[in-house]
Amino acid sequence: MYRIKLKNHFPVAEGTMAFEFEKPAGFEFRAGQFGEWKIANPPYTDAEGNQRAFSFASAPGDERLMLATRMRDTAFKNSLKEMPLGTTVELDGPFGSMTLRNSAEKPLVFLAGGIGITPFRSMVRRAAAEKLPHKIFLFYSNRRPEDAAFLKELNDLQQRNSNFKLIATMTEAEKSAHPWEGEKGFIFEAMIRRYVDNLAFPIYYIAGPPAFAAAMWQMLKAAGVDEDNIISEEFAGY
C-alpha cells in the first residue's frame with residue numbers, strides 16, 4: 001500500500017476529469033494495468049465504500065500517476081472532485097494482465113468504449129515514448145467529440161508514431177457543436193475490415209462499459225476471431 005498526494009486535476013472531456021498523483025519511489029507498473037485507490041476519511045460515503053479501481057492512464061515512464069474518470073454524482077467521485085491538492089490517498093497495486101505483449105509479431109487492435117480509453121492511452125504513450133515496433137490500431141467509440149477524453153492527444157500521438165493508427169467514431173455526431181468528418185456509428189466488423197487486412201490475425205483488447213465489452217466480444221467471435229486472441233476488461237460502475 002502506497003500513500004501518495006494529489007498534484008493536479010483538470011478536465012479531459014465534457015464530464016470527465018483527470019487526476020494526477022505523485023509517483024512513489026520505486027513504483028513500477030505495466031501499461032494497461034490498474035490500481036485500487038482509497039480515500040481516507042472522505043467527506044461523502046455510501047454503501048460502495050471509499051475505494052475504487054482505476055486503470056493507470058499514464059504511461060510507466062511518466063513522471064506522475066494519472067487516473068481519469070467520468071464524474072458521476074456518487075459519494076466517491078464527489079469526494080475525489082472536491083479533494084484539495086496535496087491530499088493523501090492510498091494506492092494498492094498494480095493489478096491486471098491486459099498489457100502489451102513483448103512480441104510485436106501480430107498487430108494489436110484496441111477497442112475502446114468511452115472512458116475505457118484509459119488503459120489504451122497508457123499503452124499508446126508507452127509505445128510512442130519507447131519507439132516500440134508494435135503495429136497498433138485503436139478504435140475509439142464515443143457519442144460526440146466533446147465526450148472523447150484525450151482525443152487531441154491521441155491524434156498527436158498518431159503523428160509521432162507511424163505504427164499507430166487512431167480510428168475514432170461517434171455514435172451521435174449530429175448532436176455535436178462541431179463538425180465531425182471521421183467514422184460514425186458503433187464499432188462493427190465492416191469498420192474494422194476497412195483498416196485491418198486479416199481479422200483473424202491480430203490480438204484484440206477490449207475496454208469499456210459491460211454492454212460495450214459484451215458487444216465487441218460477440219462481434220469478434222462472429223467474425224471468426226479465436227477467443228485466445230481476445231483480452232477484455234469491463235469498466236463496471238464507472
**OP:** Take I206 and decide whether it is surrounded by 19 or more Cβ atoms within 10 Å (Cβ to Cβ), out of contact with any His (no Cβ under 8 Å at 6 or more places or on another chain), among the β-branched types (V, I, T) and closer than 24 Å to G61 by Cα.
**Re:** yes
Subject >> Residues satisfying the stated conditions in region 149-174, i.e. more than 18 Å from Y195 (Cβ to Cβ) and hydrophobic (A, V, I, L, M, F, W, C) >> reply: A149, F150, A173
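Conditions (1) closer than 25 Å to P60 by Cβ; (2) more than 14 Å from the chain's Cα centre (by Cα), marked per residue:
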position: M123; (1), (2): yes, no
position: E130; (1), (2): yes, yes
position: Y140; (1), (2): yes, no
position: A168; (1), (2): yes, no
position: P179; (1), (2): no, yes
position: N198; (1), (2): no, yes
position: A214; (1), (2): no, yes
Original post:
Within the set of pairs 6+ apart or on separate chains, which have a first residue in region 31-45 that is basic (K, R), a second that is in a loop (DSSP other than H, G, I, E, B), and C-beta atoms under 7 Å apart?
Top reply: K38/N50
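Out of the strands (runs of 3 or more DSSP E) lying entirely within region 1-45, which hold 1 or more residues that are assigned by TED's automatic domain parsing to the domain that holds T87, buried (at least 17 other Cβ atoms within 10 Å of the Cβ) and of a type in the set (V, I, T)?
Numbers: elements: 2-13, 16-22, 34-38.
The qualifying strands (runs of 3 or more DSSP E) are 2-13, 16-22.
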Original post:
Across region 149-172, what is the number of residues that are in contact (Cβ under 8 Å) with a residue 12 or more places away in the chain and acidic (D, E)?
Top reply: 2
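Any residue in region 150-166 that is assigned to a strand (DSSP E or B), of a type in the set (D, E, K, R) and either at pLDDT 95 or above or surrounded by 21 or more Cβ atoms within 10 Å (Cβ to Cβ) (or both)? Working first, answer last.
The initial filter retains those residues of region 150-166 that are assigned to a strand (DSSP E or B), namely 164-166.
With the extra rule that they be of a type in the set (D, E, K, R), the set shrinks to 165.
Checking which are either at pLDDT 95 or above or surrounded by 21 or more Cβ atoms within 10 Å (Cβ to Cβ) (or both) leaves us with 165.
Within region 150-166, one or more residues are assigned to a strand (DSSP E or B), of a type in the set (D, E, K, R) and either at pLDDT 95 or above or surrounded by 21 or more Cβ atoms within 10 Å (Cβ to Cβ) (or both).
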**OP:** Identify all residues within region 7-38 that are among the aliphatic types (A, V, I, L, M) and under 16 Å from S55 (Cα atoms); write none if there are none.
**Re:** V12, M17, A18, A31
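The values are calculated or read from the model by the stated rules, or taken from the named source; none is laboratory data. Note that this is a predicted model, so its numbers are computed, not measured. Positions of Cβ are backbone-derived with ideal geometry, glycine not excepted, and every protein chain shown enters the neighbour counts.
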